[in-house]
Amino acid sequence: MSEMRQGMRPTITSDEIAEMVRELAREIERDYENKELVLIAPLKGSVLFVADLCREIKRPQIIDFVQIISPKGESCRIVKDISTDIKGKHVIIVEEIIDAGRTLSFLKSRIQASYPASLKVCALLDKPALRELPIQPDYVGRTIDDRFVIGYGMDSEEKGRNYKDIYNFTQ
């Protein structure tokens, strides 16, 4: 595993990540005072982020997971759907990173079809330079430039998700 980090540098430290998560949780708590939330995390990348975020949000919540595949040039497809009835509930999609926006757009349409009371998106990282669809997160930890990143749930061929910091390739 350590070999993967060669040629990479920490871009965001675990302390910076923890602070971003705390700030996002406070924003969400202010917006959803006295309301129960449903946090929906797309697998696999969002697992660490949703785990940390849900512990910081001090209000009733339900967590559910969805798995979507979106091979390049092909349509998105749900591999594992949510199991929670979200009709009339306040839903937040929790993404570790948003880039092109194809998968997120597909997921938002799928969730809207279940008639939630509200639907917002929380992203730890937003990479708008790669956006293919006009989709914007409601809560953003940090906007980053167009660099490939791994760590804190983000991977390269399923490796690197477990790094506590977020790394990118040096140029």
Give, as a single signed number, the net charge of other residues whose beta carbon lies under 12 Å from the beta carbon of R30, with Lys and Arg counted +1 and Asp and Glu -1. -1
Do the sum for the chain: with -39,500 (n - 2.57) for every DSSP H run of n ≥ 4, divided by all residues, what is the mean residue ellipticity at 222 nm, to the nearest 500 deg cm²/dmol? -7000 deg cm²/dmol
Across region 2-162, how many lysine pairs separated by 8 or more positions, or lying on different chains, have Cα atoms within less than 23 Å? 29
Ratio of region 60-162's C-alpha Rg to 2.2 N^0.38 Å, to two decimals? 1.09
Taking the Cα centre of region 2-162 as the origin, how large is its charge dipole in debye, to the nearest 20, when only Lys and Arg (+1) and Asp and Glu (-1) carry charge on their Cβ atoms? 320 debye
Of all DSSP beta bridges having both residues in the chain, the percent classed as antiparallel (nearest 5) is 35 percent
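Per residue, how big is the convex hull of region 56-112 when only Cα atoms are used? Give it in Å³.
Values: hull volume 5.3 nm³, N = 57.
Per-residue hull volume (Cα only) is 94 Å³.
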Ranked on Cβ counts within 10 Å of their own Cβ, fewest leading, Y139, Y115, Y152 go Y115, Y139, Y152
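Tally Lys and Arg at +1 and Asp and Glu at -1 over the other residues with C-beta under 13 Å from the C-beta of E96: what net charge comes out? Don't jump to the answer; show the numbers that get you there.
On the way: positive: K44, K127, R142, R161; negative: D52, E95, D99, D126, D155.
In short, -1.
Every number in this text was worked out from the coordinates using simple rules, so none of it is lab data. None of the values given here were measured: they were computed from a predicted structure. Positions of Cβ are generated from backbone atoms using ideal geometry, with glycine treated the same way; all protein chains shown enter the neighbour counts.
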